[in-house]
Amino acid sequence: MTGVHTTGCKIIHGWRHGPTSYISTWIPINKRYPLTKNIMSDRIQELAGELKLSLKKFPNFPSEGILFEDFLPIFANPDLFAKLLEAFKLHLKDVKVDYIVGLESRGFLFGPALALQLNAGFIPVRKPGKLPGPTLSASFQKEYGSDVFEIQEGVIPEGSTVIIVDDILATGGSASAAGELVTKAGGKILEYLFVMELDFLKGRDKLSAPVFTLLSGQPEKLK
Ligand SMILES: O=P(O)(O)OC[C@H]1O[C@H](OP(=O)(O)OP(=O)(O)O)[C@H](O)[C@@H]1O
Ligand SMILES: Nc1ncnc2[nH]cnc12
Ligand SMILES: [Mg+2]
């Protein structure tokens, strides 16, 4: 059955897994999707709950004060990987998208697979010096450090529809720089799509298109 959530609900979901034990608070759905369709079906929520159980957290990696969210267990298990794609496909339903743009490196883990399922092209945004030919570049700050992204000129036909995908929305620095590149390259951003967002960093406020995240995490900074 498909549920339409218009009032939002709070689900407290606890578990013990990996190097730390923790409680995750799922914030009200109508607060999590202010820019996009306020709908998360029962099936998507079920898939999200299952995927979340597989994640691991590593305190103080890669530097002091960062609680690192490790998504790699999803990709080590074909059943979980399929469930991740199923959740994104259910969310995107009838959307006609020309290109999925994935961000190096972790956006490459599922971006091409999602693109194939949607019959869309895949275009990479890469770290500097990796792409041949003329490129557009943008520098940015992220949760732990600074970086530069590049996209090849001419790869997005003017006016093409694009969904930008990555594993995690932290400060929003990476996604916002990628969005700048896609827009400069001529693409129209339909949505930013992530596996998880770190709520305390409010990265979605930096993004100027609808944002979808399957999971929410870290209501507060690591103490
Ligand atoms: O919202 P932000 O603060 O910008 O942080 C999010 C980004 O940080 C990580 O990438 P990172 O470049 O650290 O590593 P990766 O190469 O493994 O993807 C993550 O995969 C996101 O791309
Ligand atoms: N806390 C975090 N865990 C995993 N990847 C990240 N990228 C930026 N912040 C991160
Ligand atoms: Mg990344």
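Every number here is computed from the coordinates shown, using simple stated rules; none is lab data. From a predicted model like this one, the values you see are computed outputs, not experimental measurements. Please note: Cβ atoms are built from the backbone with ideal geometry, for glycine as well, and neighbour counts cover all protein chains shown.
Can you give the FRET efficiency to the nearest 0.05 for residue 183 and residue 89, using r as the Cβ-Cβ distance and R₀ = 25 Å?
0.45
Which lysines, on any chain, are close to residue 223 with Cα under 28 Å apart, when same-chain ones fewer than 8 places away are left out?
The qualifying lysines are 10, 31, 52, 56, 57, 142, 202, 206.
For the stretch 85-223, just say rounded, prolate or oblate: build the C-alpha gyration tensor, square-root its eigenvalues into a ≥ b ≥ c, call rounded for a/c under 1.5, and beyond that prolate if a/b exceeds b/c, oblate if not.
oblate
Fewest first, what order do 220, 69 take by the number of other Cβ atoms within 10 Å?
Exposure proxy ranking, most exposed first: 220, 69.
Report the gain in length on full extension from residue 43 to residue 58: 0.36 nm times residue separation, minus Cα-Cα distance, nm rounded to one decimal.
2.5 nm is the gain from fully extending residue 43 to residue 58.
Determine the dipole magnitude for the stretch 87-168: charges of +1 sit on the beta-carbon of Lys and Arg, -1 on that of Asp and Glu, nothing else is charged, the reference point is the Cα centre, and the result goes in debye to the nearest 20.
Once rounded to the nearest 20, the dipole reads 200 debye.
Can you compute the modelled spin-label distance between residue 72 and residue 223, with each label point 7 Å from Cα toward Cβ, in nm?
Inter-label distance under the simple model: 3.1 nm.
So, with +1 on the Cβ of K and R and -1 on the Cβ of D and E, and no other charges, what is the size of the charge dipole of the stretch 147-223 about its Cα centre, to the nearest 20 debye?
The calculated dipole for the stretch 147-223 is roughly 240 debye.
So which trypsin sites (Lys or Arg not before Pro) in the stretch 68-122 are both in a DSSP loop and have at most 14 other Cβ atoms within 10 Å of their Cβ?
93, 96
In which sequence would 123, 66, 164 go, from the one with the fewest C-beta neighbours within 10 Å to the one with the most?
Starting with the residue having the fewest Cβ neighbours, the order is 66, 123, 164.
Work out how much length residue 139 to residue 158 would gain on full extension: take 0.36 nm times their residue separation and subtract the Cα-Cα distance, in nm to one decimal.
4.5 nm
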